[in-house]
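Read the structure below first, then the notes.
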Amino acid sequence: MNAAIGFLPQHGWFEQVKEDDVHIYQCAFEIPNYQDGLFQALAVPWVEKLAKAVDKRKSEFLAGRFCAKQALARLGIEHFTIEADKNRCPQWPDGIKGAITHSNSRALAAVTRRADVLGIGIDIENIMPEKTMSSVRKAIVQGSENDFLDSEQYTACEATSLIFSIKESFFKAAYPSTGHYFDFDAVTVNTLDRSNGRFSLTVNQDLNPQVRPGAQYQGQFIFIEDKVLSLLLI
């Protein structure tokens with residue numbers, strides 16, 4: 001148990017962003033304190049594909065699955081092993097929509113039973129340093145989204161990181177019903193209101209019968225220390 005505490009010094013329910021009947025569990029994790037025996041100690045099934053992975057990858061996987069285990073338990077689902085498809089997308093129990101995210105030191109999982117929700121996306125990102133932002137900005141931020149980089153509300157690094165997180169959340173929400181990859185230009189972020197932590201976006205591509213061009217969605221975001229987190233239901 002001491003090893004588990006050393007690896008997961010803090011965990012619990014995340015309530016800084018909220019949606020009705022959506023349960024979010026989070027943890028902080030320490031990669032230097034990782035060891036393979038923690039999978040058994042935390043009752044998270046080991047998967048053979050991790051055998052040759054580095055400790056960073058193992059830590060992220062373990063922390064994310066631990067959070068998902070706690071979130072599913074709140075819905076009364078115990079002892080469920082979350083498999084992954086060929087593209088590493090988690091496979092959730094029937095009737096459950098969920099998503100997992102992690103940074104280099106924090107992981108979260110969000111789940112819901114809501115029948116009116118097609119998918120859920122949650123994503124946490126470290127705020128990009130200037131050099132990284134400059135090299136990836138054009139791939140992530142497109143068209144009118146560039147206006148956010150000149151906004152008084154955000155630095156260019158914050159805005160780029162936030163837009164990246166939002167588009168990652170959208171991908172996680174849409175991919176399970178779409179079944180294929182799509183690029184950052186599949187959606188346009190229209191608004192980013194830092195005062196209330198709300199964003200909106202418009203879909204640009206025909207992704208599936210329920211997610212069509214012109215569809216608009218709203219979600220939430222929050223800056224946490226040197227990170228940004230977004231949450232989106234579609």
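The values are calculated or read from the model by the stated rules, or taken from the named source; none is laboratory data. A quick note: this is a predicted structure, and the numbers were derived from the prediction, not measured. Note that we place each Cβ from the backbone using ideal geometry, even for glycine, and neighbour counts take in every protein chain shown. With ligands, DNA and RNA removed, areas are computed over all heavy atoms of the protein, side chains included. Shrake-Rupley method; radii C 1.70, N 1.55, O 1.52, S 1.80 Å.
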Does any residue of segment 79-90 turn out to be part of a loop (DSSP other than H, G, I, E, B), out of contact with any Gly (no Cβ under 8 Å at 6 or more places or on another chain) and at pLDDT 95 or above?
no
Within segment 1-17, restricting to residues that are in contact (Cβ under 8 Å) with a residue 12 or more places away in the chain and part of a loop (DSSP other than H, G, I, E, B), the one that is surrounded by the fewest Cβ atoms within 10 Å (Cβ to Cβ) is MET1
Within segment 193-234, the count of residues that are acidic (Asp, Glu) and assigned to a strand (DSSP E or B) comes to 1
Counted residues in segment 139-191 being polar (S, T, N, Q), open to solvent by 10 Å² or more (accessible area, probe 1.4 Å) and in contact (Cβ under 8 Å) with a residue 60 or more places away in the chain come to 0
### Message
Whether any residue in segment 19-31 is of a type in the set (Ser, Thr, Tyr), under 22 Å from PHE171 (Cα atoms) and touching a residue at least 24 places away in the same chain (Cβ under 8 Å) is what I want to check.
### Response
yes
Those residues of segment 145-182 that are in a loop (DSSP other than H, G, I, E, B) and not small (Gly, Ala, Ser) come to a total of 7
Would you call ARG65 at pLDDT 95 or above and farther than 21 Å from PHE29 by Cα?
no
